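Nothing in this text is a laboratory measurement; each read-out follows from the coordinates by a stated rule. Bear in mind that the values here come from a model prediction, so they are computed numbers and not experimental data. Note: ideal-geometry Cβ built from the backbone for every residue, glycine included; neighbour counts use all protein chains shown.
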């Protein structure tokens, strides 16, 4: 995942926009107008190499500008809609389906097609036209502005690739050309992943949902929960697509008896709860049906089962409800399905969420951390950063690591709390509910030695402040001799406590634990209303004075002043062996010899090799 370098421009809607290939739309257009010439893009010329990897596969192609194809060209005719798009002689239904979803979201397509009014043809001012357009895509953490000329590939005076219902509407063909330029050529769009295009159009996060593995067709509760998720994504301006998996080459684009097509991407254009019945009775019964609307990028070949365009099921809803849903009896590629039938026939769903990071929103706000990293193969084990998956135990922890509290890299495997599946895809998604604590994220390839760059995006309820861990151990400096250098490393794992009691023996306790060693502290989250907390908190300490004790205190969180519940002090032998301690809590101060109610269970491991834990 390459980020590249380039010039940056400020833009109100974007934090920053990068000029793709260093081409700046405004200056290029100004130069063309001054010279009275139409723009010809040297970075994506009108030649076969811009169409194919090797050789021409469709015969003689003529590159023509829109005004050579019609008398009155426009970017948009009667606005923009999903019906504007028709897939051409290219297997890029994934891209066209994503465009169909995009067309239904004004706030989103205006990011992809900036300054659209200024870019539109003006028949009253032909002298302002320079044959140049620009579009924007989100690529690996940044928006890029892509400039193209308006020469489009044609055969027999017809557009070869994506085109509109209206012969004088060109937005879809021009967006497709800009996207092909980013990918290198048109053929590079032949076969792809809708999730990638949805992310490129929005900067959102795509979550794939396997409808078969999740058994949503059989599990009504899970199916209803999934519908609510899909409805929320749609209502919050996310983009959605779906498909029926093809298991063989022969299955690709094979049409089923019900009218659906295998191995083919569909755009989800609406998600609703349709009210059944007529008149006031329907209103008071409040019986609703979970419905989803899709569009075939071919602009034809629709679902022919229940709730298809002319099916008798539509008699179950009122005329006003049908109008609200926009039901039309046309073979335009768009159709409604009951969500139950949808889960029965479709196998894959992609939900592209726009993660809300705005503090001004009434909806849930997420904290985002964006980090770039790379897998780099090196012979030195301490410097190698291409360790492969966890199956490769010797090299796994050589991968990049990301964490909040930890200062130095982890050298022994800890408990795994979650992980995504390995898949041959540009984007990998994981959604995981975690309790508050300290975690390390380890991005990996499947096989060791594979090199590449990656972008890691972390969304959390509270700020995570995660950072890459680059140092293996505390560095030795010129001050090391004077100030001392860590001699051992100790991991303190506080598992839990039993039988805690506060000043008020009947009062509620909200305990937390604080581990202190040589001035460094690690604190656990607060555990609500319990006398037997399962702390499961770890602290790692690089110690200059290994004979000094490790101090552990337990408190109960209160509104004004936290209550002290007990303490303990432990020492550890630097043998590398794990020690297990269950110790009675003690009072502090002059009465520290006195026992207090409760015990604390701790595991310790100490080693004099600083890169062992």
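Of all beta bridges that DSSP places with both ends in segment 8-202, some 80 percent have antiparallel geometry.
Could you grab the relative contact order for segment 205-353? Cα pairs under 8 Å, six or more apart, rounded to a whole percent. Kindly include the intermediate steps, with their values, before the conclusion.
Details: 269 pairs, mean separation 52.1, N = 149.
Taking the mean separation of contacting Cα pairs over the length of segment 205-353, I get 35 percent.
Helix 93-103 and the longest principal axis of the C-alpha atoms of the chain enclose an angle of approximately 90°. Grab the alpha carbons of segment 180-268, take their convex hull, and tell me the volume per residue in Å³. Taking the convex hull of the Cα positions in segment 180-268, it is 126 Å³ per residue.
Rounding to the nearest 10 and keeping the result within 0 to 90°, find how far the Cα-based axis of helix 220-235 lies from the longest principal axis of the chain. It works out to around 70 degrees.
The C-alpha atoms of the chain define a longest principal axis, and helix 171-183 lies at about 50 degrees to it. Find how many whole Å separate the alpha carbon centroid of segment 132-158 from the alpha carbon centroid of segment 360-380. Segment 360-380 and segment 132-158 have Cα centres separated by 28 Å.
What list do you get for 528, 117 if you sort them by fewest beta carbons within 10 Å? Intermediate results must be reported in sequence, preceding the final value.
Working: 528 11, 117 8.
Lowest count first: 117, 528.
At 0.36 nm per residue, minus the direct Cα-Cα distance, what do residue 376 and residue 52 gain on full extension? Give it in nm, one decimal, please. Could you put the intermediate results ahead of the total?
Numbers: separation 324, 0.36 × 324 = 116.64 nm, distance 3.19 nm.
Using 0.36 nm per residue and subtracting the Cα-Cα distance, I get 113.5 nm.
For the chain, the normalised intensity computed at q = 0.08, 0.09, 0.12 Å⁻¹ comes to -0.75, -0.89, -1.23 (log10 of I(q)/I(0), Debye sum over alpha carbons, equal scatterers, no solvent).
Which order do the peptides 202-208, 529-535 take when ranked by the mean count of other beta-carbon atoms within 10 Å per residue, highest first?
Values: 202-208: 20.9, 529-535: 16.6.
Going from most to least packed, we get 202-208, 529-535.
Measuring between their Cα centroids, segment 73-90 and segment 596-610 lie 67 Å from each other. Residue ranges 301-307, 521-527, 149-155 sort as 149-155, 301-307, 521-527 when ordered by packing (mean number of other C-beta atoms within 10 Å per residue, highest first). Summarising the overall dimensions of segment 200-327 from its C-alpha atoms, the Rg and Dmax are 16.2, 52 angstrom.
Over segment 116-254, the hull volume per residue, using the convex hull of the C-alpha atoms, is 182 Å³.
At full extension, residue 300 and residue 536 could sit 79.2 nm farther apart than now, given 0.36 nm per residue minus the alpha carbon distance.
Between residue 315 and residue 221, what FRET efficiency follows from the Cβ-Cβ distance if R0 is 30 Å, with the result rounded to 0.05? Don't jump to the answer; show the numbers that get you there.
Details: r = 29 Å, r/R0 = 0.98.
Approximately 0.55, to the nearest 0.05.
Residues 611, 395 in ascending order of nearby Cβ atoms (within 10 Å, fewest first): 611, 395. Relative to one another, the C-alpha centroids of segment 520-540 and segment 432-497 are positioned 19 Å apart. Ordered by the number of other Cβ atoms lying within 10 Å of each residue's own Cβ, fewest first, 170, 564, 541 fall into the sequence 564, 541, 170.
Multiplying the residue separation of residue 558 and residue 438 by 0.36 nm and removing their Cα-Cα distance gives an extension gain of 40.9 nm.
Can you figure out the FRET efficiency of residue 167 with residue 506, using R₀ = 60 Å and their beta-carbon distance, to the nearest 0.05? The computed FRET efficiency comes out at 0.15.
Computing FRET efficiency as 1/(1 + (r/R0)^6) for residue 468 and residue 155, where r is the C-beta to C-beta distance and R0 is 60 Å, gives about 0.75.
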